[in-house]
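Data block below; observations after.
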Amino acid sequence: MNMYVGKITPLVAACLLMLAPNAYAASPSGKKETAMQVPIKEQVVQLLKSIETGDMKPVAYINAEKYIQHNLSVGDGLAGFGAVLQQLPVGSAKVNTIRVLQDGDFVVTHTEYNFFGPKIGFDVFRFENGKIVEHWDNLQETPSTPNPSGHSMTDGDNTIKDVEKTASNKKLVSDFVDDVLVNGKLEKLASYFDGDHYIQHNPAIADGLSGLGAALKYLAEQGITMKYTQVHKVLGEGNFVLVISEGEFAGKPTSFYDLFRVQNGKIAEHWDTMETIPAKPDWKNQNGKFGF
């Protein structure tokens, strides 16, 4: 996500981003608190919320000398923010982060945005030596109505549990994506689910394997192809696993971010965003959409 807007002009904000490596955050007690003392999940939540609030302090969580941007609509580094923020009406942004996961030096967020219009986004931040040094995201416009089962793109369970099962849950989800989404082994589909007990948050698909089957049938009838060609990263914490893939949707190169909740060794819930990857001449940076 393009991450900074305040109650000051965007140009000033961009300059402060450049000059902020020694800034600090304030704790609720009023004590000065360095970025290293704030858990990295909380650093990311504060940084995203600063888009809405204009709070200057979370800027300190970014390494001002090394910030690699993978949103292809934004220029590289902190300077890339300034160019985007100058286009954003002051006070127009809203940020509501629903889920936060940590996998080593990576933090994943699932967020409702109003940023040049309402969007649902997954953001991934990489930390190095206690500072944010790299960012990926995948954004999709928020639909105006719930999906066929009445779910939004963000509601549902957000409680992290079974942390001791992180590795096995990541393997289960990785195997599912590889078997079914990449290699099309539909005969294995049912083995990853507990019957038809499957909650779906994709805006066009109903709950259960029956809903998934109906959606795939409709796409085939309409001649719309959806193909996963490569998995780039699997990140997870406990019962939540995010898979970042690329492929095609309706003939266009697409980035797929799929978040799964695992329960009792089966996939129980799914959220996702799909974003068309722009043609390379339109990229504002040369870091690529993935590059993990």
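The values are calculated or read from the model by the stated rules, or taken from the named source; none is laboratory data. Keep in mind the model is a prediction, meaning the values are calculated, not measured. Virtual Cβ from ideal backbone geometry, glycine too; neighbours counted across all protein chains shown.
Within segment 107-117, how many residues are surrounded by fewer than 20 Cβ atoms within 10 Å (Cβ to Cβ) and within 19 Å of Glu42 (Cβ to Cβ)? Please lay out each step first, then the result.
Here is the first cut: in segment 107-117, the ones surrounded by fewer than 20 Cβ atoms within 10 Å (Cβ to Cβ) are 112, 114, 116-117.
Cutting the leftovers down to within 19 Å of Glu42 (Cβ to Cβ) gives us 112.
Residues flagged as surrounded by fewer than 20 Cβ atoms within 10 Å (Cβ to Cβ) and within 19 Å of Glu42 (Cβ to Cβ) within segment 107-117 amount to 1.
Evaluate segment 196-204: report whether one residue or more is modelled with pLDDT under 95 and aliphatic (A, V, I, L, M). For segment 196-204, residues modelled with pLDDT under 95 and aliphatic (A, V, I, L, M): present.
Out of the residues in segment 247-282 that are β-branched (Val, Ile, Thr) and either under 18 Å from Ile205 (Cα atoms) or under 16 Å from the mean Cα position of the chain (by Cα) (or both), which is surrounded by the fewest Cβ atoms within 10 Å (Cβ to Cβ)?
Of the residues in segment 247-282, the ones β-branched (Val, Ile, Thr) are 254, 262, 267, 273, 276-277.
The next check asks that each one be either under 18 Å from Ile205 (Cα atoms) or under 16 Å from the mean Cα position of the chain (by Cα) (or both); those that pass are 254, 267, 273, 276-277.
On the way: Thr254: 21, Ile267: 20, Thr273: 22, Thr276: 13, Ile277: 18.
Ranking the candidates gives Thr276 first.
Taken over segment 122-136, residues that are out of contact with any helix residue (DSSP H, G or I) (no Cβ under 9 Å at 6 or more places or on another chain), among the charged types (D, E, K, R) and buried (at least 20 other Cβ atoms within 10 Å of the Cβ) amount to 1. For segment 188-207, filtered to residues that are among the charged types (D, E, K, R) and out of contact with any helix residue (DSSP H, G or I) (no Cβ under 9 Å at 6 or more places or on another chain), the residue that is surrounded by the fewest Cβ atoms within 10 Å (Cβ to Cβ) is Asp194.
Consider Gln286 carefully, then state whether it is in a loop (DSSP other than H, G, I, E, B) and out of contact with any Leu (no Cβ under 8 Å at 6 or more places or on another chain). So that I can check it myself, show each step before the final result.
On the way: in a loop (DSSP other than H, G, I, E, B): yes; out of contact with any Leu (no Cβ under 8 Å at 6 or more places or on another chain): yes.
The answer is yes for Gln286.
Could you list, in sequence order, all residues of segment 256-283 that are of a type in the set (D, E, K, R) and assigned to a strand (DSSP E or B)? Break it down stepwise before answering.
As a first pass, look at segment 256-283 and keep what is of a type in the set (D, E, K, R): 258, 261, 266, 269, 272, 275, 280, 282.
Selection gives Asp258, Arg261, Lys266, Glu269, Asp272, Glu275.
Residues checked against (1) touching a Pro at 6+ places or on another chain (Cβ under 7 Å); (2) part of a loop (DSSP other than H, G, I, E, B); (3) at pLDDT below 95; (4) not polar (S, T, N, Q):
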position	(1), (2), (3), (4)
Leu216	no, no, yes, yes
Gly223	no, yes, yes, yes
Leu242	no, no, no, yes
Glu248	no, no, no, yes
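Candidates in segment 130-161 are the residues that are on the phi > 0 side of the Ramachandran plot and touching a residue at least 40 places away in the same chain (Cβ under 8 Å); of these, the one that is nearest to the chain's Cα centre (by Cα) is Gly156.
Would you point out the residue of segment 154-166, among those that are farther than 12 Å from Arg99 by Cβ and of a type outside the set (Ser, Thr, Tyr), that is surrounded by the fewest Cβ atoms within 10 Å (Cβ to Cβ)?
Residues of segment 154-166 farther than 12 Å from Arg99 by Cβ: 161-166.
Now restrict to residues that are of a type outside the set (Ser, Thr, Tyr): 161-165.
Numbers: Lys161: 13, Asp162: 15, Val163: 11, Glu164: 8, Lys165: 15.
By that ranking, first place goes to Glu164.
Within the option set Gly223, Gly211, being surrounded by fewer than 21 Cβ atoms within 10 Å (Cβ to Cβ) and without any contact (Cβ under 8 Å) to a residue 60 or more places away in the chain holds for one residue only, Gly223.
Across segment 43-52, not a single residue is classified as in contact with an Asp or Glu (Cβ under 8 Å, 6 or more places away or on another chain), farther than 30 Å from Lys161 by Cβ and of a type in the set (Lys, Arg).
Going by the conditions given, is Ile205 among the β-branched types (Val, Ile, Thr), touching a Leu at 6+ places or on another chain (Cβ under 7 Å) and either closer than 27 Å to Val108 by Cα or not assigned by TED's automatic domain parsing to the domain that holds His110 (or both)? Full working, then the answer.
On the way: among the β-branched types (Val, Ile, Thr): yes; touching a Leu at 6+ places or on another chain (Cβ under 7 Å): yes; either closer than 27 Å to Val108 by Cα or not assigned by TED's automatic domain parsing to the domain that holds His110 (or both): yes.
Taking the combined requirement at face value, the residue satisfies it.
Conditions tested, residue by residue: (1) within 18 Å of Met274 (Cα to Cα); (2) touching a residue at least 60 places away in the same chain (Cβ under 8 Å); (3) surrounded by fewer than 21 Cβ atoms within 10 Å (Cβ to Cβ); (4) not β-branched (Val, Ile, Thr).
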position: Ile68; (1), (2), (3), (4): no, yes, yes, no
position: Pro89; (1), (2), (3), (4): no, no, yes, yes
position: Asn96; (1), (2), (3), (4): no, no, yes, yes
position: Ile120; (1), (2), (3), (4): yes, yes, no, no
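Taken over segment 18-72, the residue count meeting the criterion of being assigned to a strand (DSSP E or B) and either polar (S, T, N, Q) or modelled with pLDDT of 90 or more (or both) is 3. Regarding segment 170-182, can at least one residue be identified that is acidic (Asp, Glu) and under 30 Å from Tyr113 (Cα atoms)? Checked against the condition, which is being acidic (Asp, Glu) and under 30 Å from Tyr113 (Cα atoms), segment 170-182 yields no hits at all.
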